[in-house]
Amino acid sequence: MKLPLKLLSPEKVLVGDGRSLGEARRLHPDGRYWLVLPGTPGSKDISSHTLRTYGNEGDPVVYVYIGTCLVNKSKKQETKVNGGRESEPFIVAMKLGVEADIKGFFNHVDHTWLLKFLAHRIKDERFIQTIKKFLQGGIMEDGAVRSCEEGTPQGVLISPCLSNIYLHYVLDLWFDRLFRVSCKGTARFVRYCDDYVAMFEFEEDAKRFMAEMTSRLQKFSLEVEPTKTKMLAFGIKEFRSALKSSRHVDTFSFLGFTHYMRKSRRGYPMVDRKTDAVRLRRKVKEFSAQLAKRGNQGTKLIVDYACSHFKGHLQYYGISGNIRSLRCYRFLVLHFLLRCLNRRSQRRSLTWENFHLLINSFGLAKPKVIHALW
(Lines give C-alpha, C1' and ligand atoms only; values in the text may rest on other atoms or scores of the structure.)
Protein backbone atom coordinates (compact mmCIF):
# COMPACT_ATOMS: atom_id res chain seq x y z
CA MET A 1 0.00 0.00 0.00
CA LYS A 2 1.46 3.34 -1.05
CA LEU A 3 1.23 6.09 1.52
CA PRO A 4 0.53 9.64 0.33
CA LEU A 5 3.30 12.20 0.69
CA LYS A 6 0.71 14.91 1.25
CA LEU A 7 -1.43 15.11 4.34
CA LEU A 8 -5.02 14.79 3.13
CA SER A 9 -8.03 16.38 4.78
CA PRO A 10 -9.20 14.16 7.69
CA GLU A 11 -12.83 14.65 6.63
CA LYS A 12 -12.16 13.18 3.16
CA VAL A 13 -10.38 10.01 4.28
CA LEU A 14 -12.58 7.12 5.44
CA VAL A 15 -11.43 4.25 7.63
CA GLY A 16 -12.74 0.69 7.55
CA ASP A 17 -15.86 1.20 9.68
CA GLY A 18 -17.11 4.17 7.63
CA ARG A 19 -15.97 6.92 9.98
CA SER A 20 -13.83 9.75 8.74
CA LEU A 21 -10.18 9.88 9.70
CA GLY A 22 -10.88 13.04 11.71
CA GLU A 23 -13.40 11.11 13.82
CA ALA A 24 -11.22 8.03 14.14
CA ARG A 25 -8.13 9.94 15.22
CA ARG A 26 -8.11 10.30 18.98
CA LEU A 27 -5.62 11.98 21.28
CA HIS A 28 -4.67 9.71 24.17
CA PRO A 29 -2.44 10.71 27.10
CA ASP A 30 1.01 9.15 27.09
CA GLY A 31 1.64 6.15 29.30
CA ARG A 32 4.96 6.68 31.08
CA TYR A 33 7.28 3.83 32.03
CA TRP A 34 10.55 4.16 33.92
CA LEU A 35 13.56 2.26 32.60
CA VAL A 36 16.63 1.69 34.78
CA LEU A 37 19.83 1.33 32.72
CA PRO A 38 22.64 -0.70 34.30
CA GLY A 39 25.77 1.31 35.01
CA THR A 40 24.03 4.70 34.75
CA PRO A 41 22.65 6.80 37.61
CA GLY A 42 18.92 7.45 37.83
CA SER A 43 16.29 6.16 35.44
CA LYS A 44 14.94 7.11 32.00
CA ASP A 45 11.28 7.56 31.18
CA ILE A 46 9.87 5.79 28.12
CA SER A 47 6.47 6.75 26.73
CA SER A 48 3.94 4.88 24.64
CA HIS A 49 2.29 6.25 21.49
CA THR A 50 0.38 9.48 21.97
CA LEU A 51 -1.35 9.91 18.60
CA ARG A 52 -3.36 6.83 17.63
CA THR A 53 -5.34 6.32 14.46
CA TYR A 54 -6.95 3.35 12.78
CA GLY A 55 -5.48 0.11 14.09
CA ASN A 56 -4.16 1.91 17.22
CA GLU A 57 -0.89 2.67 15.47
CA GLY A 58 1.04 5.91 15.10
CA ASP A 59 -0.07 7.87 12.03
CA PRO A 60 2.14 6.66 9.14
CA VAL A 61 1.43 9.80 7.12
CA VAL A 62 3.22 11.86 9.76
CA TYR A 63 6.36 9.73 9.54
CA VAL A 64 6.43 9.76 5.75
CA TYR A 65 5.84 13.52 5.61
CA ILE A 66 8.68 14.33 8.01
CA GLY A 67 11.06 11.96 6.23
CA THR A 68 10.24 13.59 2.89
CA CYS A 69 10.79 17.09 4.25
CA LEU A 70 14.17 16.20 5.72
CA VAL A 71 15.66 14.02 3.01
CA ASN A 72 17.49 16.89 1.30
CA LYS A 73 18.62 18.36 4.59
CA SER A 74 20.02 15.00 5.71
CA LYS A 75 22.13 14.73 2.56
CA LYS A 76 23.59 18.19 3.14
CA GLN A 77 24.45 17.36 6.75
CA GLU A 78 25.89 13.93 5.93
CA THR A 79 29.52 15.07 5.87
CA LYS A 80 29.10 16.98 9.12
CA VAL A 81 28.04 13.96 11.18
CA ASN A 82 30.39 11.54 9.44
CA GLY A 83 33.09 10.36 11.83
CA GLY A 84 35.02 8.27 9.30
CA ARG A 85 37.84 8.98 6.87
CA GLU A 86 36.87 12.57 6.15
CA SER A 87 37.29 13.76 9.76
CA GLU A 88 40.35 11.59 10.52
CA PRO A 89 43.12 13.99 9.35
CA PHE A 90 41.63 16.92 11.22
CA ILE A 91 41.20 14.95 14.46
CA VAL A 92 44.93 14.21 14.37
CA ALA A 93 45.83 17.85 13.64
CA MET A 94 43.55 19.48 16.22
CA LYS A 95 44.82 20.74 19.56
CA LEU A 96 41.74 20.97 21.79
CA GLY A 97 38.34 19.34 21.84
CA VAL A 98 35.07 19.84 23.70
CA GLU A 99 32.99 16.81 24.64
CA ALA A 100 29.44 17.75 25.65
CA ASP A 101 26.05 16.26 26.46
CA ILE A 102 22.71 17.99 27.02
CA LYS A 103 21.05 17.43 30.38
CA GLY A 104 17.61 15.82 30.09
CA PHE A 105 17.30 16.87 26.46
CA PHE A 106 14.13 14.95 25.52
CA ASN A 107 12.32 16.32 28.58
CA HIS A 108 13.16 19.99 27.95
CA VAL A 109 12.43 20.56 24.25
CA ASP A 110 10.52 23.84 23.97
CA HIS A 111 7.28 23.27 22.04
CA THR A 112 7.02 26.86 20.80
CA TRP A 113 10.48 26.84 19.26
CA LEU A 114 10.00 23.37 17.80
CA LEU A 115 6.81 24.37 16.01
CA LYS A 116 8.57 27.47 14.66
CA PHE A 117 11.38 25.31 13.31
CA LEU A 118 8.90 22.97 11.63
CA ALA A 119 6.98 25.89 10.11
CA HIS A 120 10.22 27.12 8.54
CA ARG A 121 10.18 24.20 6.10
CA ILE A 122 6.55 23.00 6.26
CA LYS A 123 3.68 25.24 5.16
CA ASP A 124 0.84 22.80 5.79
CA GLU A 125 -0.98 24.15 8.85
CA ARG A 126 -2.90 20.90 9.37
CA PHE A 127 0.35 19.01 9.68
CA ILE A 128 1.70 21.52 12.21
CA GLN A 129 -1.51 21.15 14.24
CA THR A 130 -1.12 17.36 14.19
CA ILE A 131 2.39 17.67 15.62
CA LYS A 132 1.11 20.14 18.21
CA LYS A 133 -1.52 17.65 19.36
CA PHE A 134 1.15 14.99 19.58
CA LEU A 135 3.36 17.18 21.79
CA GLN A 136 0.55 18.36 24.08
CA GLY A 137 -1.23 15.04 24.53
CA GLY A 138 -0.37 14.82 28.21
CA ILE A 139 1.22 12.07 30.32
CA MET A 140 -0.55 9.40 32.37
CA GLU A 141 1.41 8.15 35.36
CA ASP A 142 -0.08 6.03 38.16
CA GLY A 143 -3.57 6.71 36.82
CA ALA A 144 -3.18 10.51 36.95
CA VAL A 145 -3.08 12.62 33.79
CA ARG A 146 -1.02 15.81 33.70
CA SER A 147 -0.40 18.24 30.89
CA CYS A 148 2.86 18.21 28.94
CA GLU A 149 4.23 21.71 28.45
CA GLU A 150 7.72 20.78 27.24
CA GLY A 151 9.69 17.82 25.96
CA THR A 152 9.09 15.04 23.43
CA PRO A 153 8.04 11.59 24.70
CA GLN A 154 10.77 8.97 24.37
CA GLY A 155 9.95 5.59 22.90
CA VAL A 156 7.83 7.03 20.06
CA LEU A 157 9.04 6.72 16.46
CA ILE A 158 8.58 10.37 15.64
CA SER A 159 10.33 11.70 18.77
CA PRO A 160 13.97 11.26 17.59
CA CYS A 161 13.10 12.96 14.29
CA LEU A 162 11.58 15.98 16.02
CA SER A 163 14.49 16.18 18.46
CA ASN A 164 16.99 16.09 15.63
CA ILE A 165 15.17 18.96 13.89
CA TYR A 166 15.29 20.96 17.11
CA LEU A 167 19.06 20.54 17.58
CA HIS A 168 19.67 21.15 13.88
CA TYR A 169 18.50 24.73 14.32
CA VAL A 170 19.84 25.17 17.86
CA LEU A 171 23.38 23.84 17.36
CA ASP A 172 24.19 22.71 13.80
CA LEU A 173 23.24 25.85 11.90
CA TRP A 174 24.52 28.11 14.68
CA PHE A 175 27.96 26.47 14.64
CA ASP A 176 28.19 26.24 10.84
CA ARG A 177 26.99 29.73 9.91
CA LEU A 178 27.82 31.89 12.95
CA PHE A 179 30.45 30.44 15.24
CA ARG A 180 32.79 28.61 12.82
CA VAL A 181 33.27 31.60 10.52
CA SER A 182 34.49 33.69 13.47
CA CYS A 183 37.05 31.13 14.68
CA LYS A 184 40.74 31.95 14.46
CA GLY A 185 41.59 28.47 13.18
CA THR A 186 39.82 25.47 11.71
CA ALA A 187 36.88 24.04 13.65
CA ARG A 188 34.77 20.91 13.24
CA PHE A 189 31.49 19.88 14.87
CA VAL A 190 30.19 16.29 15.03
CA ARG A 191 26.81 15.52 16.60
CA TYR A 192 24.69 12.41 17.08
CA CYS A 193 21.36 13.10 18.78
CA ASP A 194 22.16 15.03 21.98
CA ASP A 195 25.83 13.94 22.19
CA TYR A 196 28.37 16.01 20.28
CA VAL A 197 32.07 16.76 20.02
CA ALA A 198 33.65 19.99 18.79
CA MET A 199 37.31 20.17 17.70
CA PHE A 200 39.49 23.25 17.42
CA GLU A 201 43.02 24.23 16.47
CA PHE A 202 43.38 27.05 19.01
CA GLU A 203 42.61 27.14 22.72
CA GLU A 204 40.86 30.51 22.60
CA ASP A 205 38.30 29.16 20.12
CA ALA A 206 37.57 26.19 22.40
CA LYS A 207 37.10 28.42 25.47
CA ARG A 208 34.84 30.78 23.53
CA PHE A 209 32.78 27.83 22.31
CA MET A 210 32.23 26.64 25.89
CA ALA A 211 30.95 30.06 26.92
CA GLU A 212 28.79 30.78 23.88
CA MET A 213 27.41 27.24 23.74
CA THR A 214 26.04 27.56 27.28
CA SER A 215 24.26 30.83 26.51
CA ARG A 216 23.00 29.45 23.19
CA LEU A 217 21.40 26.42 24.88
CA GLN A 218 19.86 28.56 27.63
CA LYS A 219 18.06 30.59 24.98
CA PHE A 220 16.19 27.42 23.95
CA SER A 221 15.52 26.10 27.50
CA LEU A 222 18.42 23.64 27.46
CA GLU A 223 21.56 23.18 29.56
CA VAL A 224 24.68 21.03 29.37
CA GLU A 225 25.33 18.08 31.67
CA PRO A 226 28.28 19.18 33.88
CA THR A 227 29.51 15.64 34.51
CA LYS A 228 29.67 14.83 30.78
CA THR A 229 30.96 18.16 29.44
CA LYS A 230 34.65 18.94 29.47
CA MET A 231 37.51 20.44 27.50
CA LEU A 232 40.25 18.00 26.57
CA ALA A 233 43.72 18.23 25.06
CA PHE A 234 43.93 15.92 22.06
CA GLY A 235 45.89 15.74 18.84
CA ILE A 236 49.34 15.32 17.36
CA LYS A 237 50.99 18.20 19.26
CA GLU A 238 49.60 17.11 22.59
CA PHE A 239 50.61 13.51 21.87
CA ARG A 240 54.24 14.43 21.15
CA SER A 241 54.35 16.65 24.21
CA ALA A 242 52.95 13.84 26.36
CA LEU A 243 55.60 11.41 25.09
CA LYS A 244 58.39 13.78 26.14
CA SER A 245 56.98 14.25 29.64
CA SER A 246 55.90 10.58 30.04
CA ARG A 247 52.22 11.28 30.59
CA HIS A 248 48.98 10.15 28.98
CA VAL A 249 46.91 12.12 26.46
CA ASP A 250 43.24 12.81 27.19
CA THR A 251 40.72 10.39 25.70
CA PHE A 252 37.01 10.81 25.03
CA SER A 253 34.09 8.46 24.46
CA PHE A 254 31.65 9.02 21.62
CA LEU A 255 29.07 6.67 20.09
CA GLY A 256 30.23 3.75 22.22
CA PHE A 257 33.92 4.09 21.27
CA THR A 258 36.87 5.44 23.25
CA HIS A 259 39.01 7.67 21.00
CA TYR A 260 42.71 7.84 21.88
CA MET A 261 46.08 8.66 20.32
CA ARG A 262 48.81 6.13 19.59
CA LYS A 263 51.76 5.52 17.30
CA SER A 264 51.28 3.69 14.02
CA ARG A 265 53.57 0.90 12.87
CA ARG A 266 55.66 3.46 11.03
CA GLY A 267 55.94 5.64 14.12
CA TYR A 268 53.44 8.37 13.14
CA PRO A 269 50.76 9.65 15.56
CA MET A 270 47.28 8.43 14.73
CA VAL A 271 43.78 8.26 16.20
CA ASP A 272 42.54 4.83 17.24
CA ARG A 273 39.24 3.62 18.66
CA LYS A 274 38.21 0.80 20.94
CA THR A 275 34.96 -0.31 22.56
CA ASP A 276 34.08 1.85 25.53
CA ALA A 277 34.83 -0.07 28.75
CA VAL A 278 31.56 0.94 30.43
CA ARG A 279 29.54 -0.21 27.41
CA LEU A 280 31.51 -3.46 27.25
CA ARG A 281 30.86 -4.34 30.90
CA ARG A 282 27.18 -3.47 30.52
CA LYS A 283 26.76 -5.70 27.47
CA VAL A 284 28.52 -8.60 29.22
CA LYS A 285 26.11 -8.34 32.17
CA GLU A 286 23.10 -8.18 29.86
CA PHE A 287 24.32 -11.19 27.87
CA SER A 288 24.92 -13.20 31.04
CA ALA A 289 21.44 -12.33 32.34
CA GLN A 290 19.83 -13.40 29.06
CA LEU A 291 21.65 -16.74 29.14
CA ALA A 292 20.40 -17.33 32.69
CA LYS A 293 16.81 -16.83 31.48
CA ARG A 294 17.33 -19.26 28.59
CA GLY A 295 18.98 -22.01 30.65
CA ASN A 296 15.98 -24.34 30.37
CA GLN A 297 15.88 -24.13 26.56
CA GLY A 298 17.56 -26.51 24.17
CA THR A 299 21.23 -26.33 23.20
CA LYS A 300 20.44 -25.19 19.67
CA LEU A 301 18.32 -22.25 20.82
CA ILE A 302 20.90 -21.10 23.35
CA VAL A 303 23.84 -21.30 20.94
CA ASP A 304 21.81 -19.64 18.15
CA TYR A 305 21.07 -16.73 20.48
CA ALA A 306 24.77 -16.38 21.37
CA CYS A 307 25.76 -16.42 17.68
CA SER A 308 23.20 -13.80 16.69
CA HIS A 309 24.14 -11.65 19.71
CA PHE A 310 27.83 -11.58 18.81
CA LYS A 311 27.02 -11.02 15.13
CA GLY A 312 25.05 -7.90 16.03
CA HIS A 313 27.90 -6.72 18.26
CA LEU A 314 30.36 -7.28 15.42
CA GLN A 315 28.25 -5.33 12.92
CA TYR A 316 28.51 -2.17 15.04
CA TYR A 317 31.90 -2.43 16.75
CA GLY A 318 33.77 -4.11 13.88
CA ILE A 319 35.83 -1.05 12.88
CA SER A 320 39.51 -0.65 12.12
CA GLY A 321 41.69 -0.83 15.23
CA ASN A 322 39.10 -2.52 17.45
CA ILE A 323 40.09 -6.16 16.87
CA ARG A 324 41.52 -6.59 20.38
CA SER A 325 38.24 -5.52 22.04
CA LEU A 326 36.28 -7.80 19.69
CA ARG A 327 38.45 -10.77 20.61
CA CYS A 328 38.00 -10.00 24.29
CA TYR A 329 34.22 -9.81 23.93
CA ARG A 330 34.08 -13.04 21.90
CA PHE A 331 36.06 -14.84 24.61
CA LEU A 332 33.63 -13.57 27.26
CA VAL A 333 30.67 -14.73 25.15
CA LEU A 334 32.20 -18.21 24.89
CA HIS A 335 33.00 -18.26 28.62
CA PHE A 336 29.46 -17.44 29.74
CA LEU A 337 27.96 -19.72 27.09
CA LEU A 338 30.03 -22.70 28.28
CA ARG A 339 29.09 -21.97 31.89
CA CYS A 340 25.41 -21.80 30.94
CA LEU A 341 25.52 -25.15 29.09
CA ASN A 342 27.36 -26.91 31.90
CA ARG A 343 24.95 -25.65 34.58
CA ARG A 344 22.00 -27.52 33.12
CA SER A 345 23.01 -30.73 34.94
CA GLN A 346 24.84 -31.63 38.15
CA ARG A 347 27.91 -32.78 36.29
CA ARG A 348 30.16 -31.02 33.83
CA SER A 349 29.06 -32.23 30.42
CA LEU A 350 31.29 -30.14 28.12
CA THR A 351 35.03 -29.54 28.00
CA TRP A 352 36.66 -26.72 26.07
CA GLU A 353 37.65 -29.12 23.28
CA ASN A 354 34.12 -30.46 22.79
CA PHE A 355 32.70 -26.99 23.27
CA HIS A 356 34.80 -25.55 20.43
CA LEU A 357 33.66 -28.36 18.14
CA LEU A 358 30.07 -27.47 19.00
CA ILE A 359 30.63 -23.75 18.37
CA ASN A 360 32.34 -24.39 15.03
CA SER A 361 29.36 -26.43 13.87
CA PHE A 362 27.03 -23.47 14.58
CA GLY A 363 29.36 -20.99 12.86
CA LEU A 364 30.03 -18.36 15.53
CA ALA A 365 31.47 -15.31 13.77
CA LYS A 366 35.12 -14.42 14.26
CA PRO A 367 36.40 -10.89 14.93
CA LYS A 368 37.00 -8.99 11.73
CA VAL A 369 36.82 -5.47 10.33
CA ILE A 370 33.35 -4.68 8.97
CA HIS A 371 33.81 -0.91 8.61
CA ALA A 372 37.27 0.06 7.34
CA LEU A 373 38.27 3.57 8.42
CA TRP A 374 41.72 3.47 6.84
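Cross-link list LYS228/LYS285; LYS228/LYS311; LYS274/LYS311; LYS103/LYS207: which exceed 28 angstrom alpha carbon to alpha carbon?
Check vs 28 Å cut-off fails for LYS228/LYS311.
Which value, in Å², gives the accessible area per residue of the stretch 226-276 when a 1.4 Å probe is used on the protein heavy atoms?
Averaged over the residues of the stretch 226-276, the accessible area is 63 Å².
Return the carbon/sulfur percentage of the accessible area of the stretch 162-296, one whole number, probe 1.4 Å, all protein chains in place.
Answer for the stretch 162-296 is 48 percent, counting heavy atoms of protein chains only.
Report the label-to-label distance for ILE128 and PHE202 in nanometres (one decimal), using points 7 Å from each Cα along the Cα→Cβ vector.
Label at ILE128, label at PHE202, 4.1 nm between them.
What are the ³J(HN,Hα) values, in whole Hz, obtained from phi via the Karplus relation 6.51 cos²θ - 1.76 cosθ + 1.60 with θ = phi - 60°, for each residue of the stretch 275-290 in sequence order, with x given for Gly and Pro?
4, 4, 5, 5, 5, 5, 5, 5, 5, 5, 5, 5, 5, 5, 5, 5
Which ³J(HN,Hα) values, rounded to whole Hz and listed in residue order, are derived for the stretch 303-308 from phi using the Karplus coefficients 6.51, -1.76 and 1.60 in 6.51 cos²θ - 1.76 cosθ + 1.60 with θ = phi - 60°, glycine and proline given as x?
5, 4, 5, 5, 5, 5
In sequence order, what are the phi-derived ³J(HN,Hα) couplings for the stretch 215-227 according to the Karplus relation 6.51 cos²θ - 1.76 cosθ + 1.60 with θ = phi - 60°, rounded to whole Hz, with x for glycine and proline?
5, 5, 5, 5, 4, 10, 6, 10, 8, 7, 7, x, 6
The values are calculated or read from the model by the stated rules, or taken from the named source; none is laboratory data. In this text the structure is predicted, and so the values were computed from the model without any measurement. As a convention, Cβ positions derive from the backbone with ideal geometry for all residues, glycine included, and neighbour counts pool all protein chains shown. Please note that ligands, DNA and RNA were not included when accessible areas were found on the heavy atoms of the full protein model with its side chains. Shrake-Rupley method; radii C 1.70, N 1.55, O 1.52, S 1.80 Å.
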